[in-house]
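Working notes, beginning with the structure itself.
Here, each number is a calculation from the coordinates, and none is a lab measurement. This is a predicted model, so every value here is computed, not measured. Cβ sites come from the backbone with ideal geometry, for glycine too, and all protein chains shown count toward neighbours.
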Amino acid sequence: MPGRIEFVAMMSLLMGLIAIGIDLMLPALSDVAADVGQQTSADVASIVTTYFVGLALGQMVWGPLADRFGRKRALNIGLSVIIVASVTSALVSSLPILLATRFVWGFGASAARSTTLTVVRDRFRGDRMASVMSLIFSVFILVPVVAPTLGAGLLTFTSWRGLFAGIGGLAVVLVLWLRRLPETLEPDKVRSVRPRDVWASIRTVFRSRLTVGYLLVLTALSIPFTAWIALSEPVVVGIYDLEAAFPLIFGGLAATMALASLVNSRVVERFGARRLVRVVMTGYCVVTAGLMTSALLSDGVPPFWILAGSISLILMSHALLQSNAQSLAMDPMGEVAGIASAVIGAVSLGVGTGLGYLVQVAFGDRVTPIAIAFLLSGVVGLALVWWAEPRGATRPVPADQPEPATAMAA
């Protein structure tokens, strides 16, 4: 078993491979548009959306496979799909085919997302899991910090096609590195992939009020987040005409998320994930209300410093909420960790991406739809947190607490 530092690095790069599939090519969207016969970068923003759709749906495949055949086998197959899809994406010349290969790419990447969370749950639980997940997230989020700038630099030597093929090469490196990771699925937790048994496991997930509540919190947060990722370039470049500065702006905003995750990894075991979620969610609502007010008062185009400051605080909150809410949702799910991770990822990202697409449709070169989506997600998320734990439990979950035999009853 790799040591803690190597384990965190390995899991971070696995998660980072998901972000690289999006962020490295953001500076190349205009080039992609020109090569596939589209007019502007906004016309090909759907290659981000279809990637997210594949990322969401694939988890319902990899989760059961990870519970039946092991975490490593699911990861290796998923990485192989990424290799094939990334190279194929680099070779196509029409938007419909590119969208199809990007969907398959996201489908393969979903193995890294769901199985990584499952592997961490195999080793840790409670606030300790939240701490480790924050460390992984803080390292993995450095990808958006450097990827757009790196992508812009690499475009001076290669094309967007070269970037796509290069990501496939990185997946090959990960396949080799994973040979150092022993299987974390315990023999007594192997589960059948028969439809009846898979459905029984899914019912176990939805019988836990805690898991369902935080699953819905993650879903609410995913709506504006996926919309912002897809629209960040059209907003910064299209509205504010800051094309040259876009990689630095995007990277700087991502850096705030990494900082927030790093801080969370240090404080969550002291204050408890539950308490932090409530406090941060409240602050999230205040900041998003301010952004929406500014957008409404400025005909949808608030001063850039207000937008950047607000988005920075929102993304910091998102980083804190993501790792803590995921850990709380997974905490009662030790017996069905693979399925639980799949359901949490598929529902939160799938529904979030679908509703986030409606935000993209309403975009209209104005920040207002994004601001409204952020505020609504905060208000709904805060209400769901109180519903998930109506008695206001805020005590940290001990890392060495015995594994529950079944999920908590609703």
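Dividing the summed helix terms, -39500 (n - 2.57) for each DSSP H run of n ≥ 4, by the number of residues in the chain produces a 222 nm estimate of -25500 deg cm²/dmol to the nearest 500. Taking square-rooted eigenvalues a ≥ b ≥ c of the alpha carbon gyration tensor, is the range 14-167 rounded, prolate or oblate, where a/c under 1.5 means rounded and, failing that, a/b exceeding b/c means prolate? Prolate, since a/c reaches 1.5 and a/b exceeds b/c. Projecting label points 7 angstrom from Cα along Cα→Cβ for Val263 and Val175 puts them 4.1 nm apart.
Where does each of 256-264, 168-176 land if you order them by average Cβ count within 10 Å, highest first? Write out the running numbers ahead of the final one.
On the way: 256-264: 21.1, 168-176: 15.6.
Most protected by this proxy first, the peptides run 256-264, 168-176.
The mean sequence separation of alpha-carbon pairs under 8 Å and at least six residues apart, normalised by the residue count of the chain, gives a relative contact order of 28 percent. Here the peptides 178-188, 78-88, 149-159 are ranked by packing, the mean other Cβ count within 10 Å, and the order with the highest first is 78-88, 149-159, 178-188.
What's the ranking of 2-11, 370-379 by average number of surrounding C-beta atoms within 10 Å, highest first? List each step's numbers first, then the result.
Working: 2-11: 15.7, 370-379: 23.2.
Highest to lowest by the protection proxy: 370-379, 2-11.
What residues of the range 152-184 lie in the reach of a label at Val84, counting those whose backbone N is under 19 Å from a point 7 Å from the Cα along Cα→Cβ? Output list for this probe position: 164-176.
With +1 on the Cβ of every Lys and Arg and -1 on the Cβ of every Asp and Glu, and nothing else charged, how large is the dipole of the range 161-306 about its Cα centre, in debye rounded to the nearest 20?
Details: 15 positive and 9 negative charges, 201 e Å.
With Lys and Arg at +1 and Asp and Glu at -1, about 960 debye.
Phi angles of the range 166-177 translate, via the Karplus equation with coefficients 6.51, -1.76, 1.60 and θ = phi - 60°, into HN-Hα couplings of x, 5, x, x, 5, 5, 4, 4, 5, 4, 5, 5 Hz per residue; Gly and Pro are given as x.
Taking θ as phi - 60° and the Karplus parameters 6.51, -1.76 and 1.60, the scalar couplings of the range 228-238 work out to 5, 4, 5, 9, 4, 5, x, 6, 5, 8, x Hz in sequence order, x denoting glycine and proline.
Taking a ≥ b ≥ c as the square roots of the eigenvalues of the Cα gyration tensor of the chain, is the shape rounded (a/c under 1.5), prolate (a/b larger than b/c) or oblate?
Here the chain falls in the oblate category.
Along the range 49-65 the Karplus relation, 6.51 cos²θ - 1.76 cosθ + 1.60 evaluated at θ = phi - 60°, assigns HN-Hα couplings of 5, 5, 4, 5, 5, x, 4, 6, 5, x, 5, 6, 8, 5, x, x, 5 Hz to successive residues, with x for each Gly and Pro. Rounded, prolate or oblate: which fits the range 162-247 when a ≥ b ≥ c are the square roots of the eigenvalues of the alpha-carbon gyration tensor, with rounded for a/c under 1.5 and prolate only if a/b beats b/c? Oblate. Rank Phe271, Phe124, Phe137 by mean-square fluctuation in a GNM of the chain with C-alpha springs under 10 angstrom and give only the top-ranked residue. The residue with the greatest mean-square fluctuation here is Phe271. Net length available on complete extension from Thr293 to Glu243 is 15.4 nm, with 0.36 nm assigned per residue and the Cα-Cα distance removed.
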